[in-house]
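Engineer: I am attaching a structure below and will ask some questions about it afterwards.
No value in this document is a laboratory result; all are computed from the given coordinates. Here the structure is a predicted model, which is why all the values come from computation and not from measurement. With ideal geometry, Cβ positions are generated from the backbone for all residues, glycine too; neighbour counts draw on all protein chains shown.
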Amino acid sequence: MNNNGKSYENMTHFYGRIWILLALGMIFSFPTVACIYYDAWPELSAVAKGLLGVAPIFWTVGFIEVLTFVPMLGTAGSYLAFVTGNLTNLKVPAALTAMENARVKPGTEEGEVVSTIAVATSSIVTTAVIAIGVALLVPLTPILNSPVLKPAFDNILPSLFGGLAVVYVSKNWKISIAPLVFMVVLFLLVPSLSGSVGVLVPVGALIAIGAARILYKKGLL
């Protein structure tokens, strides 16, 4: 409790909302200023047509990410992750790994502290790496476009989540079988769904919960 009688969580929400609004303002400021400066405004029909193809996907993924990530990252960690925005998915493994190493659980006060520190550190590091990458983009372009490195860049997220999954799957391997088999079969039958991983995360979570319930009733857990 601070001098104003507000709790840490209330202050986190207060400043978090301010930074979220500031981030939204910065996102919309550049296109708005560019349109005003060049006096070139897109037709509303063209904007609506473009949004119709991509907005539902981003809105759905954004809604699901909030429901999925917030319980893991905690209040402050979630605001940090979504405000900084860059590679938000990478901050979840960082926070979970930090909590695993510190032997604290998500959703607890200790987990909140560890998650906030981990997300803040990840945000600083990823922002620094992106800044360096932008500065060196031209000289590094031939290397980054190399066919030898392309498979590595295509599998950054799978490798991060795969390494994190080993820790949790090794503890509850029976629960992991059902969602793992379901997702493997689904992606083999419908490869085009590989671009909708964010939407399928809660589906896998529900399958894991259902499988855990069944195994628990059968006395296998």
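Engineer: State whether segment 86-138 is rounded, prolate or oblate according to the following rule on the C-alpha gyration tensor (a ≥ b ≥ c being the square roots of its eigenvalues): a/c under 1.5 gives rounded; otherwise a/b larger than b/c gives prolate, and the remaining case gives oblate.
Structural biologist: Cα axes put segment 86-138 in the prolate bin.
Engineer: Hull surface divided by four, with the convex hull built on the Cα atoms of segment 7-46: how many nm²?
Structural biologist: 3.7 nm²
Engineer: Any chance you could get the radius of gyration and Dmax over the Cα atoms of segment 47-167, in Å?
Structural biologist: When restricted to the Cα atoms of segment 47-167, Rg and Dmax are 16.7, 49 Å.
Engineer: Taking the alpha-carbon distance from Lys171 and a cut-off under 17 Å, which aspartates and glutamates remain once sequence neighbours fewer than 8 residues away in the same chain are dropped?
Structural biologist: Answer for Lys171, where 17 Å is the Cα cut-off: Glu100, listed by chain and number.
Engineer: Along the charge dipole of the chain, pointing to its positive end and built from +1/-1 on Cβ of Lys, Arg, Asp and Glu, which listed residue (Ala55, Met183, Ile132) has its Cα farthest out?
Structural biologist: Among Ala55, Met183, Ile132, the one farthest towards the positive end of the dipole of the chain is Met183.
Engineer: Okay, moving on. For a quick check, take a GNM of the chain with Cα springs below 10 Å and name the residue from Ser146, Ser176, Ser122 with the largest mean-square fluctuation.
Structural biologist: In the Gaussian network model the winner is Ser146.
Engineer: If I require 27 Å or longer along the helix axis, counting alpha carbons, and a Kyte-Doolittle average no lower than 1.6, what helices from the chain are left? Use full DSSP H segments.
Structural biologist: Helix filter hits for the chain: 197-217.
Engineer: Would you mind classifying segment 115-221 by shape? Square roots of the alpha carbon gyration tensor eigenvalues, ordered a ≥ b ≥ c; an a/c under 1.5 is rounded, otherwise it is prolate if a/b is larger than b/c and oblate if not.
Structural biologist: prolate
Engineer: Assigning unit charges at the beta carbon (Lys, Arg +1; Asp, Glu -1) and nothing else, what dipole magnitude in debye, to the nearest 20, does the chain show about its Cα centre?
Structural biologist: Computed charge dipole of the chain: roughly 760 debye.
Engineer: Would you calculate a helix-derived [θ] at 222 nm for the chain, using -39,500 (n - 2.57) for each DSSP H run of n ≥ 4 and dividing by the full residue count, to the nearest 500?
Structural biologist: -28000 deg cm²/dmol
Engineer: Once Rh for the chain is found with the Kirkwood sum over Cα pairs, what is the Stokes-Einstein diffusion coefficient at 4 °C and 1.567 mPa s, in µm²/s?
Structural biologist: Value of D from the Cα-based Kirkwood radius: 63 µm²/s.
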